[in-house]
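One structure below.
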Amino acid sequence: MKKIIFPLTFLALACNQTPKNSEVTVEEPVVETIDVAAEVDAINELRASFQQAIKEKRYSDLGQYATEDMKGVSPGSEDWLEYKKQREARMGKFSYDSIIMTPEETIIASDSIAYDYGTSKVYYTNDKGESVELQDTFIVILKKDKEDNKWRIHREVASAIVE
């Protein structure tokens, strides 16, 4: 038994030794830097283009500002429900006259995810021909499309409570 233990101990110690003249190469992970200012500018451009499309009543263009699987939750207050009722009476057509979005915070979480938080004012013309203003607080999650490198609205949740 002693004859087996000595060679095993020697072998174990020999395997744990690093040769004196060997160089150990450690590869540093590649960390891509994000130009936060450029990404925020791109999101600001998305928001401005979205608002302009609504103002110009180019509702058919709005799809280009959202992901294919975009989901949103709009406010459920009485004035917003009235807007939805009137919109449905017009056969479900998008009917904002304009929207003014005022972001308070835009955070770039990664190279492909960001969020925008703020308030907005939405204007529409009711069935009596009167201009109506609706307000909300929103949070929008944005995804960056890997193919065309553009930010798009992925999720939106809005509340009629504006603070």
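Quick notes
- Consider region 116-161 and keep the residues that are crowded, with 17+ Cβ neighbours inside 10 Å and of a type in the set (Ser, Thr, Tyr). The one that is farthest from Met70 (Cα to Cα) is Tyr124.
- Matching entry among Lys128, Lys146, Lys121 (being more than 30 Å from Ile34 (Cα to Cα), out of contact with any helix residue (DSSP H, G or I) (no Cβ under 6 Å at 6 or more places or on another chain) and at pLDDT below 95): Lys128
- Scanning region 57-82 for residues that are open to solvent by less than 60 Å² (accessible area, probe 1.4 Å) and either aliphatic (A, V, I, L, M) or at positive phi (or both) turns up Leu62, Ala66.
- Ile107, sole failed condition from (1) within 19 Å of Ala158 (Cα to Cα); (2) under 17 Å from the mean Cα position of the chain (by Cα); (3) in contact (Cβ under 8 Å) with a residue 40 or more places away in the chain: (3)
- Some residue of region 142-161 being part of a strand (DSSP E or B), over 21 Å from Tyr59 (Cβ atoms), without any contact (Cβ under 8 Å) to a residue 24 or more places away in the chain and touching a strand residue (DSSP E or B) at 6+ places or on another chain (Cβ under 9 Å): no
- Checked against the criteria, Ala89 counts as open to solvent by 70 Å² or more (accessible area, probe 1.4 Å) and modelled with pLDDT under 95.
The values are calculated or read from the model by the stated rules, or taken from the named source; none is laboratory data. It should be emphasised that the depicted structure is a prediction, and the values quoted were computed from it without experimental measurement. Neighbour counts run over all protein chains shown; Cβ positions are idealised from the backbone, glycine included. For accessibility, only protein heavy atoms count, side chains too; no ligands or nucleic acids. Shrake-Rupley method; radii C 1.70, N 1.55, O 1.52, S 1.80 Å.
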